[in-house]
1. Only helical DSSP H runs with n ≥ 4 go in: add -39500 (n - 2.57) per run for chain B, normalise by residue count and round the 222 nm mean residue ellipticity to 500 deg cm²/dmol.
2. Quick one: helix A:357-380 against the long Cα principal axis of chain A, what's the angle to the nearest 10°, folded into 0 to 90?
3. Compute the semi-axes of the equivalent ellipsoid of region A:84-162, taking the square root of 5 times each eigenvalue of the Cα gyration tensor, and list them largest first in whole Å.
4. Got a sec? Which residues in region B:242-264 would a label at B:His32 touch, if it sits 7 Å along Cα→Cβ and we count backbone N under 19 Å?
5. Would you look at the GNM of chain B, springs on alpha carbons closer than 10 Å, and say which of B:Leu274, B:Leu235, B:Leu175 moves the most?
6. For region B:48-120 and region B:1-44, what is the separation of their Cα centres, given in Å?
7. Which of A:Tyr24, A:Tyr110 comes first, and how do the rest follow, when ranked by fewest Cβ neighbours within 10 Å?
8. Taking the Cα atoms of region A:141-254, what is the range of coordinates along each of the three principal axes, in descending order and whole Å?
Amino acid sequence: MYSRPKFLLFVLLLLVAGFGLTLYKHFALGFPLWPGERTQVWTIEAKIEFEAQGEPALVSFTLPNNPPGLVILGEDFASPNYGFAELNQSDQRRAQWSTRQATEKQTVYYRLDVYEKPGENANINNEAPEQIIAAEFEEPFRTAATTLVNELQQRSSDVRTLTLELLKTLNSDSPSQNIRLLLGDRPGESYKAKLAIKLLSLADVPARKVRGLFLESGRRRQALKSFIEIHDGKQWRLFNQSTAEEGIPEHFILWQRGGQSLLDIEGGRHSKVHFSIIENSHSARKIAVRSGEDAKAALIDFSIYSLPIEEQNAFKSILLVPIGAIIVVLMRILVGIRTSGTFMPILIALAFIKTSLLTGLFIFIFVVSAGLLIRSYLSHLNLLLVARISAVIIVVIGLMSIMSIVSQKLGFSQALTVTFFPMIILAWTIERMSILWEEDGPKEVLIQGGGSLFVATLAYLCMTNRVVEYLTFNFPELLFVNLACILLLGQYTGYRLTELRRFQPIADSGQITIDDESIAASDHKAADDNNVLHKS
Amino acid sequence: MFFTSPKQLHAHGIMGMNRRNVEYVAAHNPRHLYPLVDNKLKTKLLAEKANIAVPKLLGTLRYQHDVRDLHSQLLPHEKFVIKPAKGSGGKGILVIAEREHDVYFKPSEEAISHDDLERHVTNILSGLYSLSGTPDIAMIEAMIEAHNIFDAYSFEGVPDIRVIIFKGYPVMAMLRLATHASDGKANLHQGAVGVGIDLATGQALHAVQHDRPIYQHPDTQREFSELHIPDWDKLLPLAAACYEVTGLGYLGVDIVIDKNRGPLILELNARPGLAIQMANGTGITPRLKQIESLAQQQRTPEQRAQISRELFARIS
């Protein structure tokens, strides 16, 4: 049957489950532990423009594929009059818009929402490089190129340093004659990247072009920046070809790898792509839920988030009830506050949430006092219990209507919220208080009524706390933790705070009986103490 | 000091409400036995079967049509008490101390007609006084005439003695006296006086009202130190015998002392309160521990009462 170790194990399991799931959701799914944590979301818009020639048009555009360090939140391909298809070819993702007939200037949009998450997609695209074919140069470029590569190879120890040296040389302020020859008169970015890859192929280093965008808010009409990536025998390394910095820069989206075209257009000409970037912040939780849904994380797929919004809102308040419950448990077991009806304070607190605290307190006190007056008349009639409570319910409804109408006429609309109080609970409260009044006197009514309102107010303050509200709804698994605490409190055998007051006269009387053997002896002695009435 | 420390309370062996609920009530009182004590009629019938002295049952009224027989049932009786079997806190108890044909008189000399009496019985049957509001049974009992010794200590009503019985052993006792402040009721939290009683002798030890020590009865000004419960050697075994009757390990037994019949069991309680510690000026926990450490031997109620009297003597 009951065994203490089993019980403790069970409690421990609940705690582990509760905290474990919470931490899992925090670290693996990115749920913030604190409300209002916001995440920067970058919205990148690619605007593709071209002049159509009155023929069917086909626009094919490279899309980012698992960009490292970023999570794609959503994409939008909407362009009027165009059919759309997404193609996945090996490691490339391409969007294809097509239309039967297009004339004049056409615009197609692609919109992408991403947020940064370090470590995401870090190991994607680590496939082995293709066979290298050394690039062909014509004379006099060939001599210049071989000389340059030989020089660089002497100065460097491995593939990485060779690349770094090459990029430094290419970007040098005072380029050597060889470089000037190779660069020619229009050292554009894209050209430089191509040249670097060609030179690296001479040194037998696999290299490819990478294009991407720096994420900076408010930028418009941006073009993709060229980077180069080399394979050092183990992995691909990314270099910024204009600064010779290694690695993926911060706030950067890697758009395309390899030499394939970014944009292909059939049935159009003068095509252009511009990128604009804006930054906006979203609540981190929303993002976690959205990306969790996309990833089909079971915890989210089978959670409250899968319910319709309306039911989610209902759950928001249902999940607060356990918070009220633990407050009641704490107040009764640890403090020893007497309340009328064990869980009545929670229901009152839920009503307070709807009415706001002060209005709620006022309405409650008014309805219960007026109800008590009327109930005292009913008690003269010697009614049966069910009939009596039914009568009280009708009285409560009458009071609520009068209160609403009068307050509406007088122009304070706050009292209209009286309808949020559960009337059956009000009726029972009145019934209990009235019996209490008859049996134990008005003092006890004040103690229990005050105790109930105090606990209800405390529960209200906890339940409306933003952090509590956030945690209960977003981490329902914390219910396990709550349950474990309540189970532990259920076995608490220590004193209540009020008992420290109640038994204080005994403790101050100075007679101590600690160990069982000494009881008889000390009790004999006690006969002489003032504790015994003989000589007092 | 307004508050004392938990350490102090522990050192005095005071038992708190949480410990009582978890370690004594929940652990020693199986739930299915509660109806035996919550229904006074059941308790009484069980006690009578076991030859335990109880106030005499004059009759019961179970159904509404029994109310017609009320008159004939009451005919031979001059003094009686009508009470609900499942009532609590003394609600619905009507004491008739005198009658003249069809006019009845309460101890306060308030007159009651036979119709009033019938209505009271109807209310009891319909469950007006039962805690859960379920239909109830009305019991007619012989009226208890309080022992003369209490005349000087009681404002109104019959004082009763609460004895805590743990595993069949009496562990603590207290006398409850109604006061003007408690409106003639023997409920301590309403202002009745609780007097701790020495288990060995039946001598008053210490008294409290509203959980604070007092030395004289607030209405009669009599010193409690002169109070001595009569028939103490009969009372304790009687209380101890309730253990066998109910099987409840942690039990509160309420006893009244009738002028003519001596100690009688009035009521049993499966959740006896903690105020008895206040009345005795000492904690109950060490005594409960002592009983627990006693060998689990079969003993008669008389033997157990004797052991408790020796163990818990306060006055030599």
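1. -7000 deg cm²/dmol
2. Helix A:357-380 sits at roughly 30 degrees to that axis.
3. 40, 24, 14
4. Correct set: B:244-250.
5. Maximum among the listed residues: B:Leu274.
6. 33
7. Ascending number of Cβ neighbours within 10 Å: A:Tyr24, A:Tyr110.
8. Per principal axis, max minus min of the Cα coordinates gives 45, 36, 19 Å.
Taken together, the values in this text are just the output of simple stated rules run on the coordinates, not laboratory data. Since the structure is predicted, the reported quantities are computational estimates derived from the model, not experimental observations. Counting neighbours? That spans all protein chains shown, and the Cβs are built from the backbone with ideal geometry, glycine included.
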